[in-house]
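One structure below.
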Amino acid sequence: MPGASAPERHVICMKWGTKYGPEYVNRLYAMVRRHLSGDFRFVCLTDDPQGIRSEVLCLPIPPLDLPAGIPERGWTKLATFSADLHGLRGTALFLDVDVVVTGSLDDFFTQPGEFVIIHDYKRPWRVTGNSSVYRFEIGAHPDVLEYFRGHFDEIRSRFRNEQAYLSDFLHRQNKLSYWPDAWCPSFKYHSIPAWPSNYWKAPAVPPGARIVIFHGECNPPDALAGRRNRRFRHIQPATWVAEHWHE
């Protein structure tokens, strides 16, 4: 249609609590800007916008009304499925704040699928996805959040975390699909050399990687410094992190 505007694209992250400082959001924005062509809006859902760069649209996290004192299992991410997410419309690519972008993000907005997520690394025979990177149409899946709010005790008894519940819920609706395996590798499983070569070989960027996922033992500054949070699991410094994880 002549004169029609392109569909609106959003990149969304979340920051709550004190685990991650504003520098994680600022560096994530910079990486996305370097690797995503064309226009997009970068949104951070947060309880504290202080220190976040002006190019980022900071919005409050929609309330989930979770019981006080429960273990943090990522449930807060389900707020992205609000029926009205601050009036935003269009396609959203959600990224965890501690990922490292190493390649083009353009195809994440064109990959076929109604809801696309990383397939679980450790148990690929399950439907469970890793919610460090997922894409969806804003407002298209309000039932994910509505059911969660109405059945929280049942969901907690069946699912360990939000990504297990989310994957199961959308799989039952035949809406779940996965990114190509090479796009979103795990630093823990795919970058660190196998023992004992991890003592003399540095972690590498896996072939075809576009977004390297940091989960479990290391965050980007730990990887850069050659630190792991478990005894006897040595790594050499991943110097390539510094080439990407910066403003």
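The values are calculated or read from the model by the stated rules, or taken from the named source; none is laboratory data. Just so we're clear, the structure is a prediction, and the values are computed from it rather than from any experiment. Virtual Cβ from ideal backbone geometry, glycine too; neighbours counted across all protein chains shown.
Looking at D47, D96 in this structure, which one is of a type in the set (D, E) and under 16 Å from the mean Cα position of the chain (by Cα)?
On the way: D47 fails: under 16 Å from the mean Cα position of the chain (by Cα).
Matching residue, one of D47, D96: D96.
In the set (1) at pLDDT below 95; (2) within 22 Å of L78 (Cα to Cα); (3) aliphatic (A, V, I, L, M), the condition left unmet by A194 is number (2).
Helices (runs of 4 or more DSSP H) fully within segment 134-247 that include at least 1 residues being β-branched (V, I, T): 142-150, 152-158, 240-244.
Given the structure, is A202 of a type in the set (A, V, I, L, M), farther than 22 Å from D96 by Cβ and modelled with pLDDT under 95? Spelling it out, it is not the case that A202 is of a type in the set (A, V, I, L, M), farther than 22 Å from D96 by Cβ and modelled with pLDDT under 95. Across segment 143-188, which residue is nearest to Q236 (Cα to Cα) among those that are polar (S, T, N, Q) and touching a residue at least 40 places away in the same chain (Cβ under 8 Å)? Only one residue fits best here, namely S186.
Identify, please: which residue in segment 197-211 is touching a Phe, Trp or Tyr at 6+ places or on another chain (Cβ under 8 Å) and over 12 Å from A238 (Cα atoms) and is, among those, surrounded by the most Cβ atoms within 10 Å (Cβ to Cβ)? Per the criteria, the residue is I211.
Is one or more of the residues making up segment 117-126 among the β-branched types (V, I, T), part of a loop (DSSP other than H, G, I, E, B), touching a residue at least 24 places away in the same chain (Cβ under 8 Å) and surrounded by 22 or more Cβ atoms within 10 Å (Cβ to Cβ)? No, there is no match, as no residue in segment 117-126 is among the β-branched types (V, I, T), part of a loop (DSSP other than H, G, I, E, B), touching a residue at least 24 places away in the same chain (Cβ under 8 Å) and surrounded by 22 or more Cβ atoms within 10 Å (Cβ to Cβ). The residue list R160, R172, R149 contains one member that is at pLDDT 95 or above, more than 30 Å from R33 (Cα to Cα) and in the same structural domain as T80 (by TED's automatic domain parsing), which is R172.
Restricting attention to segment 108-147, the residues that are under 13 Å from the mean Cα position of the chain (by Cα) and of a type in the set (S, T, N, Q) total 3. Scanning segment 29-87 for residues that are among the charged types (D, E, K, R) and either in contact with a Cys (Cβ under 7 Å, 6 or more places away or on another chain) or under 24 Å from D107 (Cβ atoms) (or both) yields R33, R34, D39, R41, E55, K77.
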